[in-house]
């Protein structure tokens, strides 16, 4: 992992899902509890992140010990390359009807 790259580019999917759950919990509670102001919403979000982290810990999962996932930038390049390869193959598929004629 390069030092100049954001950590988020290497987050395991479990960590991303956990962060998304904490955020969705915050969004829900902001509406449900009619939370107002940055301080109240920040406290709610920190509590939700702490709750999710505790739950992961109860299941024996420590996010800081998870191996980094594939570099998102490399993954994006590979997907684009595969898309180009597939696009260049369009029209080169065998004509299955030719055998039946």
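The values are calculated or read from the model by the stated rules, or taken from the named source; none is laboratory data. In this text the structure is predicted, and so the values were computed from the model without any measurement. Cβ placement follows ideal geometry from the backbone for every residue including glycine, while neighbour counts extend to all protein chains displayed.
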Would region 37-52 turn up any residue that is assigned to a loop (DSSP other than H, G, I, E, B) and either free of Cβ contacts under 8 Å to residues at least 12 places away in the same chain or surrounded by 11 or more Cβ atoms within 10 Å (Cβ to Cβ) (or both)? yes
It is to be established whether one or more residues within region 68-79 are modelled with pLDDT of 95 or more and touching a helix residue (DSSP H, G or I) at 6+ places or on another chain (Cβ under 7 Å). no
Restricted to region 24-36, and to residues that are loosely packed, with under 12 Cβ neighbours inside 10 Å and in a helix (DSSP H, G or I), which residue is nearest to the chain's Cα centre (by Cα)? 24
I'd like to know if region 58-66 contains one or more residues that are modelled with pLDDT of 85 or more, surrounded by 11 or more Cβ atoms within 10 Å (Cβ to Cβ) and part of a loop (DSSP other than H, G, I, E, B). yes
